[in-house]
Amino acid sequence: MIFSKEKTTLAYTIEKCSKCEKFHKRDFSEGDILFAISSKCTFCNGITTIDKIFGEILER
Amino acid sequence: MLNFTDFEQMFSMGDDGDTLMMLVWIIPIIIFVFYGQQIQLLVTSGEIKKAIKKLDKFRSDSKKELIDYVKKNLDPIDDPTKKIEQFLDYFTIMPVDMDPNGIMDKVRHTVRSREDYTRNHVKSLSSNMSEIELTRVQTLIEIASSLQMIHKIVNHMFLTAKKQKNYPLILPLQMMLPFIMEHAKAMDASIPAFKTGQPLGDGIGPMVVGKMMLDKEKEIISFQTALAKIDYEQRKLFLVKAEGPGSTVGRPDDALQKIVTSTKIDAIIMIDAALKMEGEDSASVARGFGAAIGGIGTEKFQIEQIAIENKIPVFSIVVKQSVKEAITLMTKEIADQADNVRSQVYEMILENTLEGQSVVIIGVGNTSGVPQ
């Protein structure tokens with residue numbers, strides 16, 4: 001297929017802060033599982049948990 | 001200047017042209033009468049050969065990925081290649097169904113025996129294998145084994161038709177091939193998600209119930225199946241899902257059986273992924289009646305049997321998706337529906353039960369990357 005675009009799935013992790021309820025999207029890293037405590041919130045220093053892990057298709 | 005008489009002759013306007021044109025038309029007709037099937041076979045076999053080449057690539061890639069995964073992550077005792085190749089060649093003979101009486105128990109026994117066998121032998125590959133790694137390897141073996149079987153069957157059908165020079169024999173294969181390829185491509189694309197323990201589209205049920213179970217006391221009610229009991233609006237909820245974050249679907253039927261023997265249940269709500277029809281939107285949510293659970297059918301049978309014996313209504317909520325979406329990394333659209341499905345579950349509980357009643361909520365599907 002000369003004109004078909006190459007599709008790549010990129011995995012993302014969405015972290016949710018339990019304190020300020022803000023979301024932060026980052027690349028998925030191996031070992032990430034849903035509902036796990038992830039990192040410190042960049043806005044309020046609260047604890048974030050993984051709310052979602054999903055893939056988005058990138059066409060190039 | 002154009003000479004129109006040349007065209008007239010060419011298109012059989014003249015006497016000589018008549019004979020020539022007659023030959024031009026008659027020869028192909030004769031060829032098609034006697035060799036039509038072989039010509040059709042030749043054209044079709046080109047497409048099928050390409051598909052078989054792709055299937056062969058899927059087969060060898062999945063095997064390679066599996067062996068690499070075991071070598072890299074599990075520190076095997078010795079070279080696992082030979083043992084893994086043996087697993088891939090294992091077949092399952094389904095019980096005879098001429099007398100359907102008791103067929104469900106027979107099928108369940110055969111399938112579970114195979115699962116137990118694979119689990120025990122995968123364990124022997126490495127001395128330091130966690131339960132999560134074990135479930136991942138088991139799933140990767142299932143994928144590689146299925147891709148090997150698909151390649152074998154398609155190749156067999158093609159070679160038989162070719163050997164017999166029998167065109168009609170190749171027609172069912174030609175018709176089924178796009179569907180077979182869709183499944184094979186989906187299985188091939190699912191390997192990275194299983195290797196890295198990412199949640200799949202099929203994991204929407206466990207994702208919804210898993211969140212409801214968070215921070216609650218949990219117990220293992222049946223093999224690889226977790227249970228949590230919570231109270232909601234003066235109702236008792238029994239939350240059931242496969243034990244995550246390993247790659248397993250658990251045994252929700254056995255779990256339900258155990259719950260029903262100790263408590264009077266007034267409703268069952270099942271949350272699962274369902275295959276969408278062509279034209280339907282992906283990640284659309286639908287509610288309905290009956291047991292929403294896929295697989296070989298034994299679990300569905302058992303759940304229906306329990307529901308009938310105890311006169312329990314079974315409600316279901318499904319999230320529509322394609323085959324590929326169901327077994328590859330969860331899409332954003334599906335993940336975004338989790339909160340909506342959860343609120344629909346609570347709504348369904350209030351609509352269909354009274355205060356003081358008990359409800360079993362089952363999150364059906366593969367729980368890879370989804371703990372509780």
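For the options B:G201, B:G210, B:G294, a Gaussian network treatment of chain B with springs between C-alpha atoms closer than 10 Å singles out B:G294 as fluctuating the most. Sort out for me the Cα centre separation of the stretch B:183-235 from the stretch B:82-144, rounded to whole Å. Result: 21 Å between the Cα centres. Each residue of the stretch A:34-51 was assigned a 3J(HN,Hα) from its phi angle through the Karplus curve 6.51 cos²θ - 1.76 cosθ + 1.60 (θ = phi - 60°); the sequence is 4, 6, 7, 5, 10, 8, 7, 5, 6, 8, 10, 6, x, 8, 9, 10, 6, 8 Hz, with glycine and proline shown as x. Take each residue of peptide B:327-338, count the partner chain Cβ atoms within 10 Å of its Cβ, and average: the result is 4.
Near B:Y232, the amide H atoms lying under 5 Å from its own belong to B:L237; only residues 5 or more places off or on other chains count, and H is placed 1.01 Å from N. Shape analysis of the stretch B:292-372 places it in the oblate category; the axes a ≥ b ≥ c from the Cα gyration tensor give an a/c of at least 1.5, with a/b not above b/c.
Compute the signed sum of charges (Lys and Arg +1, Asp and Glu -1) over the other residues within less than 11 Å, Cβ to Cβ, of A:F23. Taking every other residue near A:F23 into account, the sum is +2.
Both the radius of gyration and Dmax for the protein assembly as shown are 27.8, 100 Å, in that order, over alpha-carbon atoms.
To the nearest ten degrees, helix B:252-262 and the longest principal axis of the Cα atoms of chain B are 30 degrees apart. Treating r as the C-beta distance of B:M98 and B:T263 and R0 as 41 Å, the FRET efficiency rounds to 0.55. Exposed loop positions in chain B were taken to be trypsin sites (Lys or Arg not before Pro) whose DSSP state is not H, G, I, E or B and which have at most 11 other beta-carbon atoms within 10 angstrom. Between these positions, the longest stretch is B:1-164. Could you state the angle between the C-alpha long axis of helix B:167-196 and the longest principal axis of the C-alpha atoms of chain B, as a value from 0 to 90 degrees rounded to the nearest 10? Long axis of B:167-196 versus the principal axis of chain B: about 40 degrees.
Across 10 Å bins from the origin, how do the percents of Cα pairs in the stretch B:67-120 run, short distances first? Calculated over all Cα pairs of the stretch B:67-120, the distribution is 20, 37, 23, 14, 6 percent. Geometric descriptor of the stretch B:230-307, per residue, is 143 Å³ (volume of the convex hull of the Cα atoms).
Quick one: of the DSSP bridges fully inside chain B, what percent are antiparallel, nearest 5? Percentage antiparallel, nearest 5: 50.
When the scattering of chain B is computed by the Debye formula from its Cα atoms alone, each counted once and equally, what is log10 I(q)/I(0) at q = 0.08 Å⁻¹? After summing over all Cα pairs, the log10 values are -0.53.
Given B:K57/B:K162; A:K7/B:K241; B:K300/B:K324; B:K57/B:K106, which pairs have Cα atoms separated by over 25 Å?
From the list (B:K57/B:K162; A:K7/B:K241; B:K300/B:K324; B:K57/B:K106), the Cα-Cα distance tops 25 Å for A:K7/B:K241; B:K57/B:K106.
If both residues of a DSSP beta bridge must be in the stretch B:244-332, then about 40% of such bridges are antiparallel. Along the Cα-to-Cβ line of B:D231, 7 Å from the Cα, sits a label point; which residues in the stretch B:316-349 have backbone N less than 20 Å from it? It comes to B:346-347, B:349, nothing else.
The residues A:I57, B:I268, B:I362, A:I33, when put in order of fewest to most other Cβ atoms within 10 Å, stand as A:I57, A:I33, B:I268, B:I362.
Values quoted throughout were computed directly from the atomic coordinates according to the rules given, and no laboratory measurement underlies them. Because the structure is a prediction, the values reported are computed rather than measured. Cβ sites come from the backbone with ideal geometry, for glycine too, and all protein chains shown count toward neighbours.
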